[in-house]
Structure formats: structure tokens, C-alpha cells
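Chemist: Following this message is one structure expressed as C-alpha cells.
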Amino acid sequence: MRTKEQFMKDLNKMYNNIYYDGERIDRLDEQQIPCINTIGMTFDLVEEYADLMLVKSHLTGETINRFTHIHQNTDDLHKKQDMTRKLCQRVGGCIQRCMGCDGTNAVYNVSYEADKLNKGETNYHGNFKKWLERFQKEDLIAACAQTDVKGDRIKRPADQEDPDMYVRVVERKKDGIIVSGCKVHISEASVSDEILVVPTRALRPEDKDYAVAFALPADHKDVKQVVTIHNFRKRDYFKRGFMPGATDSYIIFDNVFVPWERVFLCGEYQHAGVLALLFALFHRHSYSGCKPAIGDLVVGTAALAAEYNNIHRTPHVRHKLAELIMVSELGYAAGYTASDLGKPEVYIPGVGFVPYGPGSFIPNSIYCNVGRCISGENVFREAEIITDISGGIPATFPHEKDFVNPEIKDYLYKYITRNPNISPENAAQFWRFVGDMYCSATGGILLYGNYHGGGSPIMESIAITTQYDIESKKKLVKDIAGIDDKLNKT
Ligand SMILES: Cc1cc2nc3c(=O)[nH]c(=O)nc-3n(C[C@H](O)[C@H](O)[C@H](O)COP(=O)(O)OP(=O)(O)OC[C@H]3O[C@@H](n4cnc5c(N)ncnc54)[C@H](O)[C@@H]3O)c2cc1C
């Protein structure tokens, strides 16, 4: 398995296809380092969390990092959720490696079913397993590129005026395919080894050229990445305990060749929707680990803000803390149940659960979606509670150099003191942290990511209402109320 140092050495060898703020930058550019440090914890913490992070590959029997694993049973699903919560707690937010894990679990199942549909004429699953073996052995990181630019939202892929609004197959050749299009908001692609591309939505027969899944090296010379980098304000004097960072890329494919051995779906529109849903499903399961970790930070922040403001004994604070804890732990409980009810089956509306894939475990869809939706919809409510309890202090907090300027620093420490039991230095450090999280450009981006990442709440509402057996609930009420359907006209 790799160490963080080996990971950085590998990044240093990659072809420079990253564009940032008007120029091309190296992968080890100073701006990327906080993000590398964050994802680097998935290598650094392997020993400490060995019981959660180390697992035997079902392909080779070798010990691998769980982020490269295909879930084989419900215990794997539980451990994935708990590993995610622990690691996210340590970096103070997204650990940034689950997209590849979620994408590989989805493609593993769908490539198998697509081969079945083609009665053995394709070898997507064999190709994918070969790719996966290297992925596991070399402990690689993959970004999962699902979200297309989508152009006119009301039009389906084949109906768009510009055919490149969704990534598509332009040409099929003897040795591979040519693809075009652009995936957006793709997290951590600028520090990944591989990019795993999957469709974004269900497709019709006329959309079949958009039913495509493949993997390319993230530094492929014909692929351009335009990255946005989300770092907090640099600290020179008052360092944070951990300084995280994140990146998101537009990934542009302009007639890029993909060899067949890296193609895992090509034209099987019947499975595009399942692949889109399965990546989303595995990713929503990951949210049941990361969002509770972010919830842990939110609860801690709210409790400290109350304490540092010396209002922690007031009833309205207690009520708000309870609300934050409820949302966070409900999200975890939903994920726990989704793990426990996991099985090698998917839910097809109108049909029910059907066996799917070669036997790897898929978390329960209703509970994944319920958990992610509750967590996502509460992101801004959580920010509202922190804002309420904090008051205005993090929004206008003086910059750190003012706290080392001998002319004013004593005034500042005197005037930020609210609770006599808290040292002014610690109070200052705390309000800087709250400012990072809620009053900075990066803090705003994090809120957007926590709300939309894994699918906007509307996507979860659609999944929940199309998969939940609402008819049986209506019947319950009819039976108890004494309603006779035969009396109705239809
Ligand atoms: C920080 C961040 C990180 C992310 N990381 C990744 C990643 O690593 N990989 C990845 O693949 N994606 C990633 N995403 C993308 C994320 O999954 C999408 O943002 C999300 O699915 C919403 O899609 P969208 O941004 O295109 O919004 P839109 O789909 O444009 O949504 C905007 C609004 O339009 C509505 N709408 C859209 N289509 C229709 C329609 N046909 N009819 C009616 N209303 C409609 C929506 O309900 C919503 O209210 C990330 C996003 C963020 C913000």
C-alpha cells in the first residue's frame, strides 16, 4: 500500500494538464497542498484505524485500503460508514476519497449486468476487474465524474442543441472509442490518479451514445482539467490544528481516445440509469458517514460558541444543540440501517428488489436516500443555528496580523473577551475557525457541496417516492378507516 509520500511522488510525475486561474499548474503547486494533506490522511491513518481501513481484496486475497474495496457483506458497509465518519472527524470535513470507492462499486455491478445483456459479446466486467486489480494493488485514488454540464435542463441528452452537453461516444473503433463532452464539479480530480466516468441520468434508446462508462489516467494528455481550489485564508501566526483543502474540476474531453480495455459500458442505455443511480446510492451511503462527522463538528462549534459567549446555560441553546444532534445522528442511523439491510440486489420501481451484479453488497436505497436528504436539507439550518449562537463576531473578526501588532493587540484581546473562564487567545483562535467555516468563500462552497454533493435533495425525494411502497400505506389507512374501494368509480 502507498504512503502519503509515495502518493505525492506519483503526483509529481504526472503530465501537467491542470489549468487554474489563467495558467497551468503542477499537481504539487502550493495551492493544492492542503487538499493533498487532506486526502493524504487516507494513507497516513491506515495503521491507526487498521480495523476499519484494512480489508482483504475479494479479487486477490491481498490486504488493501478499504477505499479501493468492493463491499462483500453488510460488515463491509458498516465499516465503510464508520471509517468515513472517523476520517472526516480528523480532517474537519470531507475526506475526499469516497467518490472513487463509490464509483468502482457501482461500475463493478453494472459492467457485469451489461455483459449479461449482451450475452457474453462484451467483456466490460473482465476489463473492469483488471483495472480494479491494479487500482487495489497500487492503492490508487479515482475521481468519479458523473455530473454532466447538462445544457438545457428540460431537454434529454439526444435532444440538446449541442450534442456535447452530456459526455458521449463520438466514434466506435476497432481498438477503442472516441469520447467528447465535459464533466463538472468533479471533486479531487486534480489530485487523483484516475478518472472514472459514469452517466448522469437514465437514458432512452435514442440516447444510447451517452450510455458510456470508462476510466482514463487523470493526467491524460488529451484531457483538460480546469480546477477551482478551496483553501481557507493562510495562517502565518496562529496555525490551525489541521488545515484542510479541496478541489473541484471541469474535465474536458475533446475527442479523446479510450481503449476498449478501459471501457465498461458503451451503448447499453438500459443500464445507464442504474449506473447513475448506483453511484449516487453508494455516494449517499458515504454521506451517512461524512455528514454525521460534519455534524459532530457543527455540534462542537455550536456548543463552544455558546460557551465562549457565556450563554451555554440558556434554554434556547440547549434546544438548538438537541436539534443539531438529532439531525446528525438520524443521518447516521439511516446509514447504519442501510448498511444492515444491504444485499446484492437493487430496487426496480414497480418490480421490487431483484438480484443485481455478481454478488457484491449494495446498501438499502430508501435509508440511504432518507439519510442524505435529511442531512442535505439541514445544511443551511445548521449554519443558521451557528450564526444565531455566535452573534456577529466571526463575520468581522480582525485579521491575524492585528493580533500581533503591539499597538492594538491588547485592545483586541480585551474587547473580544466574553467568558471570563476562557483565555482571549483561545477565544480568538475559535472565532477564526468559525470564520473559516461560515464567513469565508471556502465556507460558502462547503455549504454548497454539502447540500448538492451526492445529488440535490430533489433527487433523493424522487428516489424515495418512486421506491417507497406508498400504496401499502394507503391500504393500511383504508382498512382501519373502513373504506371500500368498490364504491369508487375507478
Ligand atoms: C462542491 C461540489 C462537489 C461535487 N462533487 C462531485 C463529484 O465529485 N462528482 C460528480 O459527479 N458530481 C459532483 N458534484 C455535482 C453534484 O452532484 C451536482 O451539483 C448535483 O447533482 C446537482 O446538479 P447541478 O449542479 O447540475 O444542478 P442542477 O441540476 O442544474 O439543479 C439546479 C436546479 O434545477 C432543478 N432541475 C434540474 N433539472 C431539472 C429538470 N429537468 N426539471 C426540473 N427541474 C430541474 C434542480 O432540481 C435544482 O433545483 C459536486 C457538486 C458540488 C457543489
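FYI, it's all coordinate maths here, none of it is from the lab. All values derive from a computational prediction rather than experimental measurement. Please note: Cβ atoms are built from the backbone with ideal geometry, for glycine as well, and neighbour counts cover all protein chains shown.
Chemist: Might you report the magnitude of the Cβ-based charge dipole of the chain about its Cα centre, with Lys and Arg at +1 and Asp and Glu at -1, to the nearest 20 debye?
Modeler: Roughly 560 debye for the chain.
Chemist: Which of the lysines could be linked to Lys486 by a straight reach, that is with a Cα gap under 23 Å, when you skip same-chain ones fewer than 8 residues away?
Modeler: Candidates past the 8-residue exclusion: Lys473, Lys474, Lys475, Lys478.
Chemist: Oh, and also: Straight distance only, please: which lysines reach the Cα of Lys239 with their own Cα at less than 19 Å, same-chain residues fewer than 8 apart left out?
Modeler: Counting by Cα, and skipping residues close in sequence, Lys239 has these lysines nearby: Lys401, Lys409.
Chemist: Work out, in µm²/s and without decimals, the Stokes-Einstein translational diffusion coefficient of the chain at 20 °C, 1.002 mPa s, Rh from Kirkwood over C-alpha pairs.
Modeler: Answer, rounded: 89 µm²/s.
Chemist: Packing-wise, with mean Cβ within 10 Å as the measure, how do 398-405, 65-72 rank, highest first?
Modeler: 65-72, 398-405
Chemist: What is the sum of charges around Lys239, taking Lys and Arg as +1, Asp and Glu as -1, for the other residues whose C-beta is under 15 Å from the C-beta of Lys239?
Modeler: Charge balance in the 15 Å sphere: +2.
Chemist: Let me ask something additional. Would you kindly state how much longer the chain becomes between Glu30 and Ile348 on full extension, computed as 0.36 nm times their sequence separation minus their alpha carbon distance, in nm to one decimal?
Modeler: 109.8 nm
Chemist: Follow-up. Which net charge results for the neighbourhood of Thr38, defined as the other residues with beta-carbon distances under 10 angstrom from its beta-carbon, given Lys and Arg at +1 and Asp and Glu at -1? Kindly include the intermediate steps, with their values, before the conclusion.
Modeler: Numbers: positive: Arg90, Arg97; negative: Glu188.
That works out to +1.
Chemist: Within a Cβ distance under 14 Å of Val404, other residues only, what is the Lys/Arg minus Asp/Glu net charge?
Modeler: -1
Chemist: Next up: Which order results if Met459, Met99 are arranged by neighbouring Cβ count within 10 Å, fewest first?
Modeler: Lowest count first: Met459, Met99.
Chemist: Select from Gly181, Val197, Gly40 the residue farthest towards the positive end of the dipole of the stretch 4-271; place +1 on Cβ of Lys and Arg, -1 on Cβ of Asp and Glu, and compute about the Cα centre.
Modeler: Gly40
Chemist: Helix 424-438 versus the longest principal axis of the chain: what is the Cα-based angle in degrees, 0 to 90, to the nearest 10?
Modeler: Computed tilt is about 30 degrees.
Chemist: With only alpha-carbon atoms counted, please give the Rg and Dmax of the stretch 274-475, in Å.
Modeler: 21.5, 75
Chemist: Another question, then. Sort Glu382, Glu206, Glu377, Glu471 by Cβ crowding within 10 Å, fewest neighbours at the top.
Modeler: Glu471, Glu206, Glu377, Glu382
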